[in-house]
1. Take the conditions under 21 Å from Gly145 (Cα atoms), at pLDDT 80 or above, part of a helix (DSSP H, G or I) and not assigned by TED's automatic domain parsing to the domain that holds Lys131 and apply them to Gln9. Does it pass?
2. Among what's in segment 70-113 and is of a type in the set (Val, Ile, Thr) and surrounded by 12 or more Cβ atoms within 10 Å (Cβ to Cβ), pick the residue that is modelled with the lowest pLDDT.
3. Would you please list the contacts, defined by Cβ atoms under 9 Å and residues six or more apart or on different chains, that run from a residue in segment 148-163 that is at pLDDT below 90 to a residue that is not in a helix (DSSP H, G or I)?
4. Within segment 101-145, track down each residue that is touching a residue at least 24 places away in the same chain (Cβ under 8 Å) and under 18 Å from Cys85 (Cα atoms).
Amino acid sequence: MKKINKRGQIMNYLQKHPDGDVHEIAKKVKCSSKYVYLVRSEIFGPKKGAKQVGDGLDRETSPVDGEGFLLTSITDSIQERYKRCSSLLEERGEQYGVPEANIVRTAIMATALLEASVKPSHICFILACMKICRSNQTPGMVDHGDDGVNYLSLAFEFRARNQ
């Protein structure tokens, strides 16, 4: 039986107790309250009235494009997503094994089941579509978007290898 990492333990606890006390969760999981806040905000988004800290943006002076979007905010968000995606890919690998191997095996099984050629890149695109659908069902669950980014990245890597 695989050991669940701290993030997984926090997510499991929050799934059962969505309004659980951050300090209590931190004590049970043996991590910092700050880390519990981070994981909780990734899942549920920031709490109403919660102070947004750490984005480094001066809302008065940040550059704005013609549509009124804060460019640095978007860039910062994308960079943060990439960091989360990278660590999530690593965590998923610890939990489920090497993603590439699982995807190749899934493509082999799908080919046999459908009696049609299914490439690993097809599996990744399908899984990314599933994550998009799930994000519509539970928009506050950041993991759907992060998993989707990882599936799309894997799809294009497989495609580059003609798989």
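1. Numbers: under 21 Å from Gly145 (Cα atoms): yes; at pLDDT 80 or above: yes; part of a helix (DSSP H, G or I): yes; not assigned by TED's automatic domain parsing to the domain that holds Lys131: yes.
Taking the combined requirement at face value, the residue satisfies it.
2. So in segment 70-113, the residues of a type in the set (Val, Ile, Thr) come out as 72, 74-75, 78, 98, 103-104, 106, 108, 111.
Still in the running and surrounded by 12 or more Cβ atoms within 10 Å (Cβ to Cβ): 72, 103-104, 106, 108, 111.
Working: Thr72: 51, Ile103: 91, Val104: 93, Thr106: 92, Ile108: 94, Thr111: 93.
The qualifying residue modelled with the lowest pLDDT is Thr72.
3. Taking only residues 6 or more apart or on different chains, the pairs are Asn162/Lys119; Gln163/Lys119.
4. Across segment 101-145, the qualifying residues are Ile103, Cys124, Phe125, Leu127, Ala128, Gly140, Met141, Val142, Asp143, Gly145.
The values are calculated or read from the model by the stated rules, or taken from the named source; none is laboratory data. A quick note: this is a predicted structure, and the numbers were derived from the prediction, not measured. Because the Cβ atoms are built from the backbone with ideal geometry, glycine has one as well, and the counts that use them run over all protein chains shown.
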